[in-house]
1. With a/c under 1.5 counting as rounded, go ahead and sort the range 116-161 into rounded, prolate or oblate using the C-alpha gyration tensor (a ≥ b ≥ c being the square roots of the eigenvalues; past the cut-off, prolate if a/b is larger than b/c, else oblate).
2. Per residue, what volume in Å³ does the Cα convex hull of the range 36-139 take up?
3. Can you compute the charge dipole magnitude of the range 50-162 about its Cα centre, using +1 on each Lys and Arg Cβ and -1 on each Asp and Glu Cβ, nothing else charged? Give it in debye, rounded to the nearest 20.
4. Convert 25 °C to kelvin, take the viscosity as 0.890 mPa s, use the Kirkwood radius over C-alpha pairs of the range 84-123 as Rh, and evaluate the Stokes-Einstein diffusion coefficient in µm²/s, rounded to a whole number.
5. Calculate the spin-label point distance for residue 58 paired with residue 122, positioning each point 7 Å from the Cα along the beta-carbon direction, and give it in nanometres.
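Bear in mind that the values in this text are calculations on the coordinates, not laboratory data. In this text the structure is predicted, and so the values were computed from the model without any measurement. Note that each Cβ is placed from the backbone with ideal geometry, even for glycine, and that neighbours are counted across all protein chains shown.
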Amino acid sequence: MKSILITLLVLATSSILLFSCSKNDDDIKTSSAEEIMFNNLETEVLDLVNIHRTNNGLQKVSALNQPYTEALNHTKYMIEQGKTSHDNFDLRRSNLILKSSAKVVLENVAAGYSTAESVMKQWISSPSHRLVIENPSVQYMGISAQIDSRGINYYTQIFIGK
């Protein structure tokens, strides 16, 4: 009887280990803008990115939780610093490689643009920023648009490819 109980315990433990999901599995699932709860400005930027990409023969990008979280944290950091930067990009890239299985991680930042159209126009008119938006190797994006105490909008846009 004791050996049967041990066998059953081993089988039960094995099945739990075989069929449980890891945290990384949850991060890989795509999320819609509603699940991430983008603000209106963020939603507009995502829409404009996808319009631009489809107009250029590229696939749309989908929102994903982990790049959004990294973008939001970086936007808050830029607001604290009072300037745009790519500070700590290597850390964001490492986090996304680890947590989202990203193979490609790209970033655009901006500040001072009051509308999604104006920030997109700036990014598209800059060759280096446009290359990030038009990169065919990316499938997912996180966008954060936050306003500081002086009414200035700060943006971080992070694209990943798997």
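1. Details: a/c = 3.37, a/b = 1.61, b/c = 2.10.
Oblate shape, in that a/c is at least 1.5 and b/c is the bigger or equal ratio.
2. Numbers: hull volume 10.7 nm³, N = 104.
Residue-normalised Cα hull volume stands at 103 Å³.
3. On the way: 12 positive and 8 negative charges, 52 e Å.
For the range 50-162, the charge dipole is close to 240 debye.
4. Working: Rh = 11.8 Å.
D = 209 µm²/s.
5. According to this spin-label approximation, the distance is 1.9 nm.
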